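The values are calculated or read from the model by the stated rules, or taken from the named source; none is laboratory data. Worth saying up front: this structure is predicted, and the values here are computed from it rather than measured. All Cβ positions, glycine included, derive from the backbone under ideal geometry; neighbour counts span all protein chains shown. What goes into the accessible areas is simple: the full protein's heavy atoms, side chains included, and nothing from ligands, DNA or RNA. Shrake-Rupley method; radii C 1.70, N 1.55, O 1.52, S 1.80 Å.
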Amino acid sequence: MSVQTSIEWTDATWNPVRGCTKISPGCKHCYAEIFAERFRGVQGHPYEQGFDLRLVPEKLTEPFAWRSPKLVFVNSMSDLFQDGVPEEYVRAVSRVMTTADWHTYQVLTKRSERLRELLSEKLQFAADQEHIWWGVSVEDRKYGLPRVDHLRQAPARVRFLSIEPLLEDLGKIDLSGIAWVIVGGESGPGARPMKREWVVNIRRQCRMQGVPFFFKQWGGVRKARAGRLLDNRTYDEYPKRVTKPVPDRARAAAFSQAFLRIVQELLNHQPLVQFTA
Ligand code: SF4
């Protein structure tokens, strides 16, 4: 079973890592932390350890079991490129994405320098894949915009920006090399407001630079009421997506086994749960 999600720009979430630490103002009201901490101490719950960082190797093979091509948000409850995630494990996650290539993956991080470093070397095999979209979060000028430069310096085939929560006017943005822009306001208790002119400024630059624009939401305390119309319409644009046929169950299982052999080497032969058809 895929993990269904209400996130507007994806079909499913996949979390082979759980938990994270805050690094910039965009993290202030992190929805993943709020969700995870609700279950701290609940025995047997996936978030029994709250938002503490935890690798979840038994989740690694999950995409092999999904029987239809999906847009997959990788680590919606974490950040794959945080320092505490070993390089070997990031490679293992990337191996799944290159092997189960009938899905399209959306990898989003605030750790843009590590993303750049790994895509330039150890993750070259995954950087150039059309079905893996590599993105950075951008919330403001000080912390967010430098990430755009780091992303551009990474040898990724498809790069995207998640500008959410948008906390101020970003001014002029260099969108060269960027294939997709998502914009959204913060939601939930204490949500910081987003001004229309900040959004329109980004939409205008996307139009000028030919970049698909996705307007996710206005946000606010009552997110549903605020909606996602901008000037009386929705913006649900995406980059071009490659489609590949889903292998039959036997082939998917064979892929899974081949993948496990590679990954067990990467992870020094630690036991992993195997996907069975
Ligand atoms: S980087 Fe993302 S997942 Fe991690 S604390 Fe910040 S908002 Fe939450």
- Message: What distance in nm lies between label points placed 7 Å from Cα along the C-beta direction at A65 and E237?
- Response: 3.8 nm
- Report the net charge of residues surrounding E33, where surrounding means a beta-carbon distance below 13 angstrom and charges are Lys +1, Arg +1, Asp -1, Glu -1. +2
- Neighbour cut-off at most 14 other Cβ (10 Å), DSSP loop, chymotrypsin sites (Phe, Trp or Tyr not before Pro), the stretch 60-165: none
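Quote the charge dipole size of the chain about the Cα centre in Debye, to the nearest 20; the model charges only the Cβ of Lys and Arg (+1) and of Asp and Glu (-1). Don't skip to the end; give the middle numbers.
Values: 41 positive and 32 negative charges, 137 e Å.
Using only the charged Cβ atoms, the result is roughly 660 debye.
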- Message: Quick check on the stretch 80-131: take the gyration tensor over C-alpha atoms, sort the square-rooted eigenvalues as a ≥ b ≥ c, and tell me if it's rounded (a/c under 1.5), prolate or oblate.
- Response: prolate
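Specify whether the C-alpha gyration tensor of the stretch 1-128 places it in the rounded, prolate or oblate class, a ≥ b ≥ c being the square roots of the eigenvalues: rounded for a/c under 1.5, otherwise prolate if a/b is larger than b/c and oblate if not.
Details: a/c = 1.59, a/b = 1.19, b/c = 1.34.
Because a/c hits 1.5 or more and a/b fails to exceed b/c, the stretch 1-128 counts as oblate.
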- Of G19, M77, P239, whose Cα points farthest to the positive end of the dipole of the chain (charges on the beta-carbon: +1 Lys, Arg; -1 Asp, Glu; origin at the Cα centre)? P239
- Item | Spatial extent of the stretch 157-254: Rg and Dmax, with the Cα atoms as the point set, Å | 16.8, 52
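Report, in debye and to the nearest 20, how large the dipole of the stretch 52-204 comes out about its Cα centre when Lys and Arg carry +1 and Asp and Glu carry -1 on their Cβ. Spell out each step's value before the answer.
Numbers: 23 positive and 22 negative charges, 78 e Å.
In debye, rounded to 20, the stretch 52-204 gives about 380.
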- The convex hull of the Cα atoms of the chain, divided by residue count, gives a volume in Å³ per residue of 126 Å³
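With 18 Å as the cut-off, how large is the P(r) tail for the stretch 1-56, expressed as percent of Cα-Cα pairs?
Details: 640 of 1540 pairs.
That tail contains 42 percent of the Cα-Cα pairs.
With charges set only on the Cβ (+1 for Lys and Arg, -1 for Asp and Glu), what does the dipole of the stretch 123-277 come to about its Cα centre, in debye to the nearest 20?
Magnitude of the dipole: close to 420 debye.
Rolling a 1.4 Å sphere over the protein heavy atoms, what is the accessible area per residue of the stretch 1-40, to the nearest Å²? Write down the numbers at each step before the final one.
Details: 2070 Å² over 40 residues.
Averaged over the residues of the stretch 1-40, the accessible area is 52 Å².
If you roll a 1.4 Å probe over the stretch 182-252 with all protein chains in place, what percent of the accessible area is carbon or sulfur?
That fraction is 53 percent.
Return the loop-located GluC sites (Glu not before Pro) in the stretch 119-210 (DSSP other than H, G, I, E, B) with at most 16 other Cβ atoms within 10 Å of their own Cβ; answer none if there are none. Don't skip to the answer; put the middle values down first.
Values: sites: E121, E130, E139, E168, E186, E197; in loops: E121, E130, E139, E168, E186.
For GluC sites (Glu not before Pro) across the stretch 119-210 that sit outside H, G, I, E and B with at most 16 neighbouring Cβ atoms in 10 Å, the list reads E121, E130, E168.
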- In the neighbourhood of W102 defined by beta carbon distances under 10 Å, the net charge of the other residues (Lys, Arg +1; Asp, Glu -1) is +2
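Whole-Å semi-axes of the stretch 106-200's equivalent ellipsoid, largest first, each the root of 5 times a Cα gyration tensor eigenvalue?
Values: eigenvalues 130, 31, 27 Å².
Values for the stretch 106-200, descending: 26, 13, 12 Å.
For the ranges 225-233, 29-37, what's the packing order if you count other beta-carbon atoms within 10 Å of each residue, average per peptide, and put the highest first?
Details: 225-233: 11.9, 29-37: 16.3.
Going from most to least packed, we get 29-37, 225-233.
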